[in-house]
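The structure appears right after this line, and notes come after that.
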Amino acid sequence: MIEKLQLPSVAHVSLSPILACERLRVPLESDRTLVRVPVNSEAVLKCCYKRVPAITINSLWVMRFKRAVLYNEKNISGLAVVAANSSRVSMEEVAGGKDSPVCQKLTLKEVQLNDTGLYQCYLSSDKGCIYTHGTYLQIYIPLQRTLDISESWKNSIITIEGVLLLFSVLIPGICQLGKTKRHNMLERRKHREEENIYEGLNLDDCNSTYEQITRAHMHGPYQDVANGAEDDSEFEKP
């Protein structure tokens, strides 16, 4: 079985012959570290460097990649030239004034997952070569919506949830207030009824009745025999 390698769709030439060269003394500008875009979208990469007098600099884009070999669990790293061999790959040089840096711009349209990798500019002249710092391009697949609804529907659902939450807080509170109010009314009614029990009573009459009962109990259960002649009442039987 022949092992197939998933090569980047923007590259088609191996770059192994230019790996070794004398370092070119060119001041490099800072590159953007990471560019992350969804699949089938557009990615724009730049590499910038300062001009060097009396040196003609040639540039091309290269990509360092790591791909899994089909039918095998191994990963293979590689270095490939990015070539503008299709309508979705374009390159241009953006140069300003004399003191402005020169920038190489790479535009990738409808990027695919196998376009993921580290993109660098390879600068060369008769005095040597150098790679720029590079930008890592990451391609991802966006998550699909479970419910594809409009923003107006989302706002309506959020509003309804807020109203329901408000009612779930207010209704138990109102019920508790009603219970507390009824309990207080019952307590006040009970207190008034207890006060009304003693409103019709005359304390003087109560005192005289109490004194009569007290005096009656002081005589004892038997009448005095000496006083029996004077009293026509019958003797109390023991």
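So here's what we get for this one:
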quantity: Number of positions in the range 104-125 that are without any contact (Cβ under 8 Å) to a residue 60 or more places away in the chain and either surrounded by fewer than 18 Cβ atoms within 10 Å (Cβ to Cβ) or of a type in the set (D, E, K, R) (or both); calculated: 1
quantity: Residues (surrounded by fewer than 17 Cβ atoms within 10 Å (Cβ to Cβ) and either β-branched (Val, Ile, Thr) or over 16 Å from Ala84 (Cβ atoms) (or both)) located in the range 38-63; calculated: Pro38, Val39, Asn40, Ser41, Val44, Lys50, Arg51, Val52, Pro53, Ala54, Ile55, Thr56
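Yes/no per residue for (1) surrounded by 10 or more Cβ atoms within 10 Å (Cβ to Cβ); (2) β-branched (Val, Ile, Thr); (3) part of a helix (DSSP H, G or I):
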site: Ile149; (1), (2), (3): yes, yes, no
site: Trp153; (1), (2), (3): yes, no, yes
site: Ser156; (1), (2), (3): yes, no, yes
site: Glu161; (1), (2), (3): yes, no, yes
site: Pro172; (1), (2), (3): yes, no, yes
site: Gln176; (1), (2), (3): yes, no, yes
site: Asn184; (1), (2), (3): yes, no, yes
site: Glu193; (1), (2), (3): no, no, yes
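Every residue, every condition in (1) at pLDDT below 90; (2) part of a loop (DSSP other than H, G, I, E, B), yes or no:
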residue	(1), (2)
Gly97	yes, yes
Val111	no, yes
Tyr119	no, no
Ser124	yes, no
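The values are calculated or read from the model by the stated rules, or taken from the named source; none is laboratory data. Remember, predicted model here, so these are calculated numbers, not experimental data. Heads up, the Cβs are rebuilt from the backbone with ideal geometry, glycines too, and the neighbour counts pull from every protein chain shown.
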